[in-house]
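Let me begin by presenting the structure, written as structure tokens, before commenting on it.
Computed from the coordinates by the stated procedures, all read-outs in this text should not be read as laboratory data. What you see is a predicted model; the values in this text were computed from it and never measured. Note: ideal-geometry Cβ built from the backbone for every residue, glycine included; neighbour counts use all protein chains shown.
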Amino acid sequence: MIKILSIFVVLQVADLATTAATLKLGGVEMNPLVHTLMIVGPMAGLVLAKLAVVLIAIGCALMNKPRALQRANLVFAGIVVWNISIIARLLA
């Protein structure tokens, strides 16, 4: 379970970094929940969103829900790849 949770945290850091890069290049946050949190500031909102999902993931780990975390890892891996593709397009 620790390995799955560790991967989740790494993916959150990667999502944070790629989203921040996208925003810096002129992109926008498409997740309405995260976009709403960004009212406090772009980076502060992103950090709040990441903190919230990491706390939820810790709850999943404590409740022994590895499948939920594995699925979340797949989703966030896809999001990071998507963010990288957006960065590539913004740089082109």
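Brief remarks on what is shown
- Total residues in region 81-92, condition free of Cβ contacts under 8 Å to residues at least 60 places away in the same chain and either assigned to a helix (DSSP H, G or I) or surrounded by 12 or more Cβ atoms within 10 Å (Cβ to Cβ) (or both): 5
- Going through (1) free of Cβ contacts under 8 Å to residues at least 40 places away in the same chain; (2) outside any helix (DSSP H, G or I) one by one, T36 falls short only on (2).
- Residue check, T18 out of contact with any Asp or Glu (no Cβ under 7 Å at 6 or more places or on another chain), within 26 Å of M1 (Cα to Cα) and surrounded by 12 or more Cβ atoms within 10 Å (Cβ to Cβ): yes
- Criterion (without any contact (Cβ under 8 Å) to a residue 40 or more places away in the chain, closer than 20 Å to A88 by Cβ and either among the polar types (S, T, N, Q) or surrounded by fewer than 17 Cβ atoms within 10 Å (Cβ to Cβ) (or both)) met by exactly one of L23, L74: L23
- Members of region 39-80 found to be in a helix (DSSP H, G or I) and not aliphatic (A, V, I, L, M), listed by number: P42, G45, K50, G59, C60, P66, R67, Q70, R71, N73, F76, G78
- Hits in region 45-92 (condition: over 15 Å from L5 (Cβ atoms) and touching a helix residue (DSSP H, G or I) at 6+ places or on another chain (Cβ under 8 Å)): G45, L46, V47, L48, A49, I79, V80, N83, I84, I86, I87, L90
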